[in-house]
Structures are given as C-alpha cells and as structure tokens.
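Asks: After the structure tokens below, expect a handful of questions from me.
The values are calculated or read from the model by the stated rules, or taken from the named source; none is laboratory data. What you see is a predicted model; the values in this text were computed from it and never measured. Neighbour counts are summed over all protein chains in view; Cβ atoms, including those assigned to glycine, are modelled from backbone coordinates with ideal geometry. With ligands, DNA and RNA removed, areas are computed over all heavy atoms of the protein, side chains included. Shrake-Rupley method; radii C 1.70, N 1.55, O 1.52, S 1.80 Å.
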Amino acid sequence: MAALLVGLLVGGAGAGTAWALTGSGEDLSISSGPAADARGACNALAGFDVSKYAVKGDDGEVARYRWNGAVVLSEAAAAADPAYKPLADALRRAAYRHQQVFEFDDQVKKDIAKSRKICAGL
C-alpha cells in the first residue's frame with residue numbers, strides 16, 4: 001500500500017512538473033494583438049466572395065459575416081497600431097460606399113482590391 005501511495009505521489013509530481021515546464025496546453029500559435037487582428041481581417045477578406053453577399057441561405061450568410069469581420073478586425077488592428085490604418089481606411093471606404101449604394105460597385109471593388117493588396121504585403 002505504501003509503494004502505491006509513493007508511486008502516485010511521484011507520478012503526480014512528475015506530471016505536474018512536466019505541465020509547469022511545457023505550459024498549460026494552450027495553442028501558442030494563437031496570438032492576440034493588432035497583428036493578429038490584421039491577419040484575421042485579411043483571412044476573412046481572402047475568404048470573402050462578393051458574388052455571394054446577396055445570396056440567400058448559408059453561402060450569403062457566410063459572405064456577410066466574412067465581410068463584416070474583415071471590416072471590424074481591420075478597425076481593431078488600426079486602433080491598436082497605426083501601421084494598420086491603411087488597411088482599415090480602405091475597408092472602411094468600401095464599407096461606407098457599399099452602405100450608400102447597396103451594391104458592390106466598381107468603387108467598392110476597387111477599395112476591396114486595394115485592401116487585398118495591403119494584406120498581401122503584411
């Protein structure tokens with residue numbers, strides 16, 4: 001019985017030490033901050049298909065969430081770091097224009113293309 005108790009204590013101590021040395025098991029590739037927000041905006045924009053925005057159903061819903069996510073995350077990135085202001089400005093212009101004309105006209109598409117070009121440079 002004593003050997004079992006010692007084994008449990010040693011094993012528990014070993015597991016605790018390993019956990020303390022390697023961390024809590026969190027995915028360290030997930031980061032936060034303005035760079036992560038900008039990457040998130042760019043990832044959402046990369047998955048955004050203008051032609052699906054007005055479609056009913058899941059495809060349209062996904063497109064709308066990706067569009068709004070790109071705009072909002074770019075704003076968060078720019079608020080925390082002015083280096084991301086050009087991305088936020090381009091997406092903001094596109095979003096405001098879209099709200100005015102209720103479509104993705106040539107001007108909106110131009111600002112989206114500019115945003116994608118900025119993303120390519122990040």
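Asks: Scan (1) open to solvent by 40 Å² or more (accessible area, probe 1.4 Å); (2) modelled with pLDDT of 95 or more; (3) not basic (Lys, Arg) for the single condition Gly7 breaks and write down its number.
Replies: (2)
Asks: Select from segment 41-61 the residues that are open to solvent by less than 20 Å² (accessible area, probe 1.4 Å), of a type outside the set (Phe, Trp, Tyr) and either more than 19 Å from Val108 (Cβ to Cβ) or assigned to a loop (DSSP other than H, G, I, E, B) (or both) and list them in ascending order.
Replies: none
Asks: Right, next: Provide a single number: the residues in segment 71-122 that are touching a Ser or Thr at 6+ places or on another chain (Cβ under 8 Å), of a type outside the set (D, E, K, R) and open to solvent by 30 Å² or more (accessible area, probe 1.4 Å). Reasoning before the result, please.
Replies: As a first pass, look at segment 71-122 and keep what is touching a Ser or Thr at 6+ places or on another chain (Cβ under 8 Å): 74, 84, 87-88, 90-92, 94, 115.
Applying the additional criterion that residues be of a type outside the set (D, E, K, R) yields 74, 84, 87-88, 90-91, 94, 115.
Narrowing further to those that are open to solvent by 30 Å² or more (accessible area, probe 1.4 Å): 84.
Total satisfying the criteria: 1.
Asks: Name every residue in segment 24-43 that is modelled with pLDDT of 95 or more and of a type in the set (A, V, I, L, M), in order of residue number.
Replies: Of everything in segment 24-43, those that are modelled with pLDDT of 95 or more and of a type in the set (A, V, I, L, M) turn out to be Ala35, Ala36, Ala38, Ala41.
Asks: Are there any pairs with C-beta distances below 6 angstrom linking a residue in segment 32-43 that is farther than 9 Å from Ala76 by Cβ to a residue that is part of a helix (DSSP H, G or I) and not aromatic (Phe, Trp, Tyr), with the two at least 6 apart or on different chains, and if so which?
Replies: Cys42/Cys119
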